[in-house]
Each structure stands twice: as structure tokens, then as C-alpha cells.
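A short worksheet on the structure shown next.
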Amino acid sequence: MTTSTIPHPPIVSRDEWLAGRKKGLVAEKELTKEYDRVNAARRRLPMVKIEKEYRFDGPNGKLSLKDLFEGRRQLIIYHFMFDPTWETRRCPGCTGWVDSLGDLSLLEKCDTTFVVVSRAPLPMLDAYKAEKGWSIKWLSSFGSDFNYDFHVTLDANVAPPIDNYRNQAEMDAKKGHPVVMEGEHHGLSVFFRMDDDLFHTYSVYARGCSTLSNAYALLDTTPYGRQQDFEDSPSGWPQKPTYG
């Protein structure tokens with residue numbers, strides 16, 4: 001008999017394992033169906049027109065929010081926590097998220113651009129990007145309202161702090177892990193372009209971002225989704241055969 005002080009799952013026969021695995025498979029399939037239902041509802045969310053001009057610093061100079069689309073229909077922005085005063089401090093969660101990014105070339109095939117934005121000045125971002133060996137498009141929102149308007153920089157002197165769609169009173173009443181309602185926070189926001197008009201369609205924060213580091217999961221956050229015919233999408237949405 002195997003004996004060990006190493007923490008481990010119970011050791012059982014193949015038949016016992018198979019019975020447990022089939023039981024788990026039922027739950028997994030229901031979770032997949034629920035995920036599809038949530039994505040279908042997300043594709044039906046309304047959107048809000050962006051009325052403010054935002055400017056970003058990139059390697060070739062100043063950019064507008066429209067510029068970030070690079071001519072595509074959809075834009076996904078990951079809000080990487082990076083305070084301008086963080087000379088040596090780095091966010092391990094955001095760093096791990098970018099480290100886990102897979103091949104995102106599918107996004108461009110689906111008319112979608114992906115960029116990372118932080119509030120720290122561009123030279124600080126470039127230095128950390130070089131240190132990590134990343135090839136991501138990483139832009140600075142330093143000096144603009146962008147981080148404040150999308151609730152990833154919280155400062156009561158600028159605007160009433162909102163964290164994951166909750167105000168201070170709601171967060172105070174919430175049980176569980178305490179959240180500091182100030183400073184830098186991470187998140188992910190999605191935007192849609194119709195000619196020169198830009199719209200905010202979705203934002204997600206906290207643990208909601210943790211599984212969004214592959215192309216399919218990122219596309220699931222957009223109005224058009226994966227653009228495959230297995231999806232329940234509104235009439236007229238671009239779609240192609242899932243296995244075509």
C-alpha cells in the first residue's frame with residue numbers, strides 16, 4: 001500500500017475514479033452551457049457613447065482612443081496596475097496575467113485589437129516591458145482621466161471611488177475580502193467603433209479577469225464574440241462555421 005505524508009487525493013480503483021469523473025463531467029457540461037448563456041447575454045448588452053477625448057503615450061507619440069483600434073471594429077484594453085510613483089514596485093497579479101497570454105493573432109482575424117494601458121509614464125512601462133521580454137502593445141494614460149473614468153485608479157479627490165461597480169457604502173457592507181478604495185486596480189474594458197463614433201460595451205474587474213488570457217476568452221467579452229455559428233448572437237452579427 002502506498003503511504004506518504006504528501007497531501008494527495010484519495011487513492012481508489014479505476015471504476016471508482018470513473019464514477020467520480022462522470023459525476024464531475026455532468027457539472028462541467030452544465031458550467032459550459034451556463035458560460036454560453038452568460039456570453040449570449042453579454043453580446044446583447046447596450047453600449048455607451050464615449051464623449052470625452054482621451055490621449056495615450058505610445059512609442060511613436062500621442063494616440064487617441066480611436067487610434068488604438070488600428071482601424072478595427074473592436075478594442076480590448078487590459079488595465080495593468082502601475083502607479084507613476086512605483087519606482088521599484090510591480091503588480092505580481094498583472095505581471096502573471098501578461099505572462100500567461102497565449103497567441104492572440106485570432107483577435108485580429110476577428111476585427112479586434114488588444115492593448116495594455118497603465119497610468120505610469122511610458123518610459124517606466126517600456127523599461128519593465130524590456131525587462132520581462134514582452135512584445136505586447138503597452139501604452140500610458142498618464143495625465144488623462146482614462147484610468148479614473150474606468151475605475152482602475154481610485155481617488156476620492158478626483159471622483160467618488162467605485163470598485164467593481166460598488167461604491168464605498170456598498171463595499172463597507174460587503175462581507176469577505178476587504179478592498180482598499182484608493183490607488184491602482186486592474187481590470188479589462190471593451191470598446192466598439194462605428195465609423196468615428198466610439199462606444200464602451202463592457203468592463204470587468206478583480207477575479208473576473210483571471211481567466212481572460214487566451215484569444216477565445218477575450219473574444220467572449222466583445223459584442224461580436226467568437227463570431228462562430230454555435231453562438232447565440234443577435235441577428236446580423238458576423239458569424240462563420242465553427243468547424244468550417
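Applying 0.36 nm per residue to the separation of Asp145 and Tyr216 and subtracting their alpha-carbon distance, the gain on full extension is 22.6 nm. Calculated from the alpha-carbon coordinates, the stretch 1-86 shows an Rg and a Dmax of 24.7, 69 Å respectively.
Only helical runs count toward this figure. For the chain, summing -39,500 (n - 2.57) over DSSP H runs of n ≥ 4 and dividing by all residues gives -8500 deg cm²/dmol at 222 nm. Put simply, the chain fits an ellipsoid with semi-axes of 34, 26, 20 Å; these come from the alpha carbon gyration tensor as the roots of five times its eigenvalues, largest first. With 0.36 nm allotted per residue and the present C-alpha distance subtracted, the Gln168-Lys33 stretch has 45.2 nm of extension available.
Rounded to the nearest 5, what is the percent of antiparallel bridges among the DSSP beta bridges in the chain? Just about 70 percent of them are antiparallel. Packing here is the average count of other Cβ atoms within 10 Å per residue, and on that basis the peptides 23-31, 118-126, 150-158, 4-12, highest first, run 118-126, 150-158, 23-31, 4-12.
In terms of distances greater than 21 angstrom between alpha carbons, the cross-link table entries Lys49/Lys129; Lys62/Lys137; Lys137/Lys240; Lys52/Lys174; Lys109/Lys137; Lys109/Lys240 yield Lys49/Lys129; Lys137/Lys240; Lys52/Lys174. Which residues among the stretch 45-88 fall inside the zone where the amide N is under 19 Å from a point 7 Å beyond the Cα of Asn157, along Cα→Cβ? Zone members listed by number: 82-87.
Within the chain, the cysteines lacking any other cysteine Cβ closer than 4.7 Å to their own Cβ are Cys110, Cys209.
Provide the packing ranking of 237-243, 89-95, 106-112, i.e. peptides ordered by the mean count of other C-beta atoms within 10 Å per residue, highest first. Write out the running numbers ahead of the final one.
Working: 237-243: 11.0, 89-95: 14.3, 106-112: 16.9.
Taking the mean over residues of other Cβ atoms within 10 Å, the ranking is 106-112, 89-95, 237-243.
Can you tell me the orientation of helix 14-42 relative to the chain, as the angle in degrees between its alpha-carbon axis and the longest Cα principal axis, to the nearest 10? Here the helix axis deviates by roughly 30 degrees.
Quick note: the coordinates plus some simple rules give every number you see, no bench work behind them. This one's a predicted model, so the numbers in the text were calculated from it and none came from an experiment. Every residue, glycine as well, gets a Cβ built from its backbone with ideal geometry; the counts of neighbours run over all protein chains shown.
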